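Working notes for the structure below.
The values are calculated or read from the model by the stated rules, or taken from the named source; none is laboratory data. Computed from a predicted model, the values in this text were never measured in an experiment. Don't worry about glycine lacking a Cβ; one is built from the backbone with ideal geometry, like all the others, and counts go over all protein chains shown.
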Amino acid sequence: MKKNDKLVFIGDSITEWGRQGDPEDIGTGYLRLIHDYLLTTYPEKNLVVLNKGIGGHRISDLAERWQEDVITIQPDYVTVSIGINDVWRQLDQPKMQQIFPEQYEIIYADLLNKVKEQTHAKIILMEPTIIEEDVESKGNKMLIPYVETVQKLAEKFDAIYVPTHQAFVQYLNANSGYRVTIDGVHTNSAGNMMMAQTWIKAFEASIKK
């Protein structure tokens, strides 16, 4: 990590959360925690953190704005968190054109190839989190191949890997009873903390190698 590095975070509403109306354009979700941690832990680095999350977006939506929101910016790090809506739309909008795991992997790999070919950015991939606070929910079972795809792409592209889905599953299996989402998907403050901590742990392990 160098001085003045730019870190772009791109994804859906979980990343976007609270960004609209925030003068810093960071929001109030997990990215706010990461932003504040980085700026207070590494003040000498003068890091620039950019939130490019947009609610409701799927991997195909990221493809449409990838040039403007990633490539043109020429970030030093790009974090991608996507996949929840690719599954959720299959549950709540079954008549919508769906993105199944095979297509998800093809589109995702193409976007990461563009990062490798057109920027010098280090890639950071976050697993999609959860759909319902029940490990055995239909949504969480449907998420499994999408999580496995992110794992596969992280290895292929030598990315920093953030096991957010695994962190949530481990938490749910502990049966504490304390909720980490407001509706089964969108994270509350506890869920945001878990996402931020998982990202920070993976990021710092990488930069300290």
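Selection within the range 177-208: residues that are of a type in the set (Ser, Thr, Tyr) and farther than 14 Å from Asp134 by Cβ. The member of this set that is surrounded by the most Cβ atoms within 10 Å (Cβ to Cβ) is Thr187.
Scanning the range 108-145 for residues that are of a type in the set (Ser, Thr, Tyr) and over 17 Å from Ala63 (Cα atoms) returns Thr129, Ser137.
Would you please name the residue that is nearest to Glu105 (Cα to Cα), looking only at residues in the range 49-91 that are touching a residue at least 60 places away in the same chain (Cβ under 8 Å) and small (Gly, Ala, Ser)? In this case the residue turns out to be Gly83. If the condition is being of a type in the set (Asp, Glu) and either at pLDDT below 95 or part of a helix (DSSP H, G or I) (or both), then the range 155-170 contributes only Glu155.
The residue that is surrounded by the most Cβ atoms within 10 Å (Cβ to Cβ), among those in the range 18-42 that are within 18 Å of the chain's Cα centre (by Cα) and of a type in the set (A, V, I, L, M, F, W, C), is Leu31.
Kindly evaluate Glu105 against the criterion of being under 18 Å from the mean Cα position of the chain (by Cα) and touching a residue at least 12 places away in the same chain (Cβ under 8 Å). It is true that Glu105 is under 18 Å from the mean Cα position of the chain (by Cα) and touching a residue at least 12 places away in the same chain (Cβ under 8 Å). Scanning the range 1-41 for residues that are free of Cβ contacts under 8 Å to residues at least 60 places away in the same chain, among the basic types (Lys, Arg) and farther than 28 Å from Glu64 by Cβ returns a single hit, Lys3.
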